[in-house]
Each structure stands twice: as C-alpha cells, then as structure tokens.
Amino acid sequence: MSAACADKAASRQPVKIVVGFEAGGAMDTLARAFATQLSVRLQRSVYVENRVGAGGAIAANYVAKSRPDGNTLLLASPAEIFINPIYTRSQESGEVADMVPVAKISSAPIVLATRGDSAIHQLSDIAAAAQKNARGLSFASSGIGSLQHLVGESLGKALGVELLHVPYGGAASATASLMSNQVDLLFAGLAPIAPHLQSQKMHALGIASAHRSKRFSDIPTFQEKGLQGVSFEYWQGIFLPKGASSELALFLSAEINNVIKETGFVDQLENTGFEVAYKDHKQFKPFLQAEGQIYRSLIKRDSFLY
C-alpha cells in the first residue's frame, strides 16, 4: 500500500456509504452489513446514509459531485448507473457515468410476488386477472427508473398485458403497499420480502434471473416458465466520485475482497437472498461496459420508461 493510501486508511474521518433507497430495503440491508465489515477492515467508522428519490438518481448525483477522497462511497445497482442516466439524459447523468467503479460485491434476484391470499397463483393467471379487473393490474416497485420498474415493464410486454406501475421510495414501502392490498403485484429483491415468503403471507411467482436463488430454490425463473427477455442481474457494487484515483480504487477493491472472505458476512448476505459475486476494480470496468450496452439497447428499442 502506498503512503497516500495508508493515510486514507488511517484517517479519522468517517466513511459514508450512500444508498439511493429507503431503510429496510435490499440495498439498505446490504449496505449496513457491508459497512460493519468495512469498518473493521479500515479501522474507521463507516456508516450508511440514505438519500432517497428518483430511483436512486439523487444518491448517485450526490456522490458523483462529492470530493474524491475516499470518504464518500456509493452502493449502486443498474438503476443508478444505467437505467436512470439513460432515462433522464440530464447533464448530471454524465457525471454519474464518470464515477470510478471500485468493485462488484454481490447480486440478488428480482422477485415477482403476490399476497398469500391472492387469486393469482402463477404467471399464467396474470393475463386472466387483468381482463377481469376493470382497472387492470398494478405493480409496486422501488421507484421510477429502478430495475424493479424495468423488470415489471418487461414482464408485462412478455405476457402481452399492460400493468400499471406504482412507484415507491424503496422496497420497504413497496412491500407494505402489497401487504395492505394497495397493489396487486410486487417486484422486489429477496431481502425485504423473505420473512413474508417464509410466513406464506406472500407468494413468489418467479424471479428475473438466469438461475434460481440458493436460499429460495423452489422459486422458478421466468425463463423456466417460457418467458424470454425478462432476465436481469440485480448486481450491487461500490463506486467512488468522479476524479478519484485508480490507486485509491485498487486499495478499496482489495479491502472489499477481504470483506467478502469473511464467513459471517457471506452468511449474512445469503440469509437475506444475496449471493457474493465479487469483481475487482479491473474486472468491474469491462463488466460495466457490457451492462451499459445491454440497458441502452433494451430501453431505446422498446421505449421502456419513456
């Protein structure tokens, strides 16, 4: 480690991990578990700050403009890095694109769920239920431009059904809306809905991933049900503000690698539906380039979110 990076690690200033969604959701759950372990590695205080709104764009724009000193990090998913920037096409989106990728930490499936007492028991029931309901079917997501939103629109297209999108500030509020019968369907990560699935207060219809979840292996993928174009990786990664040095990114990437080797951290992730999917600083950059091409093509081709 260079003297400069050693100074960063020894700094007494707390490290802030910014999350674009409310407390209690999948991203927040991961951020808090990660912050605890990173604090041990850096021997510094590490805390989570929720800057909620615009499908994660508020948080991403805030971090993009922060000082590139290693004291402000963004925990982000495809929503903050690709979907919202493509959707908004604002000047701030360019600054988000210039953030420095540090490492990919994990991935988790996006789950389609209904209430346990819903008449919708499987994917094939959705079209029939939409025809019977004069107002159509509604689905909740973590916000406009979130990956959950994109998955919902993609599923509706695949099924030939128009679904009404109801955005919330995060998975916790979206989950509450389903449980209180305000919406018919919910797209969310596993973390906030796992207890409801276990208690059978919710029923999972499928997941938008290429493979089944390790923890909830009984939930089929949409591909298994014959639906194409509804498979996305809900990955989570750490980013530094624009202008941060590669040296700093490499240092933090190595520390993150040490974090994900901790058995307790891995167990905590898997218990909440995440899976470790580490890519270091050098591996993360080409991964993001490929992801960007996928989302730009999808959104522009199908006019999703416009």
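The values are calculated or read from the model by the stated rules, or taken from the named source; none is laboratory data. It should be emphasised that the depicted structure is a prediction, and the values quoted were computed from it without experimental measurement. All Cβ positions, glycine included, derive from the backbone under ideal geometry; neighbour counts span all protein chains shown.
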The stretch 242-290: number of residues that are in contact (Cβ under 8 Å) with a residue 60 or more places away in the chain and basic (Lys, Arg):
3
When only residues in the stretch 126-144 that are farther than 15 Å from Leu186 by Cβ and out of contact with any strand residue (DSSP E or B) (no Cβ under 6 Å at 6 or more places or on another chain) count, which is modelled with the lowest pLDDT?
Ala134
The conditions are (1) within 30 Å of Ser124 (Cα to Cα); (2) hydrophobic (A, V, I, L, M, F, W, C); (3) modelled with pLDDT of 95 or more, and Ile83 fails exactly one of them. Which is it?
(3)
Condition check for Phe239: in contact with a Ser or Thr (Cβ under 9 Å, 6 or more places away or on another chain) and either assigned to a loop (DSSP other than H, G, I, E, B) or in the same structural domain as Pro85 (by TED's automatic domain parsing) (or both)
no
Checking Ser231 against (1) assigned to a loop (DSSP other than H, G, I, E, B); (2) more than 18 Å from the chain's Cα centre (by Cα), only one condition comes out false. Which one?
(2)
Would you confirm whether any residue within the stretch 189-211 is assigned to a helix (DSSP H, G or I), modelled with pLDDT of 90 or more and in contact with a Cys (Cβ under 6 Å, 6 or more places away or on another chain)?
no
Hey, among the residues in the stretch 7-25 that are part of a loop (DSSP other than H, G, I, E, B) and farther than 24 Å from Ala194 by Cα, which one's modelled with the lowest pLDDT?
Ser11
When restricted to Phe274, Phe232, Phe216, Phe251, the only residue among the aromatic types (Phe, Trp, Tyr) and at pLDDT 95 or above is Phe251
